[in-house]
Amino acid sequence: MEFKNLLIETAAGVATLTVNRPQALNSLTSEVLTELGCALYELEYDPAVKVVIVTGAGEKAFVAGADIKEMSAMSSYEGHRFAVKGQHVMMAMEKMKKPVIAAVNGFALGGGLELALGCDFIYASAKAKLGFPEVTLGIMPGFGGTQNLARLIGPNKANELIFTGRIITADKALAWGIVNEVFAPEELMDKAKETAAAIAGVGSLGVAYAKDAIANGLNMGKEDGFRYEASLFGVLFATDDQKEGMGAFVEKRKAAFKGK
């Protein structure tokens, strides 16, 4: 499918999905959200893709937020529909069997930070700025930000960031546990692709099941999480990838995984 607001490049099992509206700091409109949903669906079922990197076009912004001009004219009903639409995109990334890495190259504010939080982990440029300024507009995060941030860093720090509308540096986001690593701007994409390549080189079924166990286990009690993990662990022993991976280890050769 052709996209008006997105760019997709795939190489060696890694797809780079770029929000391409630099003139508007890559802000999220209803149209962009629709395209993101379609793109994620395509990438999920593309056998050539094992890992996805999400980033923004240009040097200024990852995604500077949802489009305020569009939101300013919304009714209560339309606002609710817009929030649900954004949440569907975030949940699509979370439910993908393939890992999704956010490469935050600039402003990640409001819906932009929510997009990053919907990914499995975040790498950030040293120039990145992150925050939820929605309260300065008289609203609140609506694309899952209140839920994902509190689960990631705990309610106390999430409360402070969301209630104040404060924008923080990449280094502070690292200290708070929002991002995994911070890199020089010119190194960010290379580092994200390096990690993505490492993930693409291992057993994709093992990665997919591990992602499932982590995501679903967080919504269970610990004992139920252990049982769920064990069930997925057992299922993997019925796969060709398990036989290939362990066979390659015993035979001291590189495994040739096929995702089966």
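The values are calculated or read from the model by the stated rules, or taken from the named source; none is laboratory data. It should be emphasised that the depicted structure is a prediction, and the values quoted were computed from it without experimental measurement. Cβ sites come from the backbone with ideal geometry, for glycine too, and all protein chains shown count toward neighbours.
Considering only strands (runs of 3 or more DSSP E) fully contained in the stretch 9-116, which possess at least 3 residues that are within 17 Å of the chain's Cα centre (by Cα) and free of Cβ contacts under 8 Å to residues at least 40 places away in the same chain? Talk me through it step by step, then tell me what you get.
Values: elements: 14-19, 51-56, 61-63, 100-104, 107-109.
Correct list: 14-19.
One line per residue, one yes/no per condition, for (1) out of contact with any Cys (no Cβ under 6 Å at 6 or more places or on another chain); (2) modelled with pLDDT of 95 or more; (3) not aromatic (F, W, Y):
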residue: G154; (1), (2), (3): yes, yes, yes
residue: D171; (1), (2), (3): yes, yes, yes
residue: A198; (1), (2), (3): yes, yes, yes
residue: A213; (1), (2), (3): yes, yes, yes
residue: K222; (1), (2), (3): yes, no, yes
residue: F226; (1), (2), (3): yes, yes, no
residue: G234; (1), (2), (3): yes, yes, yes
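Name the residue, out of N105, N20, N5, that is within 20 Å of I167 (Cβ to Cβ) and not acidic (D, E). First the steps, then the outcome.
Values: N20 fails: within 20 Å of I167 (Cβ to Cβ); N5 fails: within 20 Å of I167 (Cβ to Cβ).
Exactly one residue qualifies, and that residue is N105.
Please return the ranges of helices (runs of 4 or more DSSP H) entirely within the stretch 149-260 where 2 or more residues are touching a residue at least 60 places away in the same chain (Cβ under 8 Å).
Details: elements: 155-164, 170-176, 188-200, 204-217, 222-236, 240-251.
Output list reads 188-200, 204-217.
In the stretch 159-181, what residues are within 20 Å of the chain's Cα centre (by Cα), more than 16 Å from L117 (Cβ to Cβ) and among the polar types (S, T, N, Q)?
Residue satisfying the conditions is T169 alone.
I'd like to check something: does the stretch 68-90 contain any residue that is crowded, with 22+ Cβ neighbours inside 10 Å and touching a Cys at 6+ places or on another chain (Cβ under 8 Å)?
No, there is no match, as no residue in the stretch 68-90 is crowded, with 22+ Cβ neighbours inside 10 Å and touching a Cys at 6+ places or on another chain (Cβ under 8 Å).
In the stretch 117-143, what residues are of a type outside the set (S, T, N, Q), outside any helix (DSSP H, G or I) and under 21 Å from T18 (Cβ atoms)?
Within the stretch 117-143, the first condition is being of a type outside the set (S, T, N, Q), and the residues that meet it are 117-124, 126-135, 137-143.
Filter once more, keeping what is outside any helix (DSSP H, G or I): 119-124, 126-132, 138-143.
The answer is C119, D120, F121, I122, Y123, A124, A126, K127, A128, K129, L130, F143.
Tell me which residues, restricted to the stretch 175-193, are surrounded by 14 or more Cβ atoms within 10 Å (Cβ to Cβ) and over 29 Å from T10 (Cβ atoms).
Correct list: W176 only.
Do we have D212 as under 26 Å from I101 (Cα atoms), acidic (D, E) and not assigned by TED's automatic domain parsing to the domain that holds N148 here?
The answer is yes for D212.
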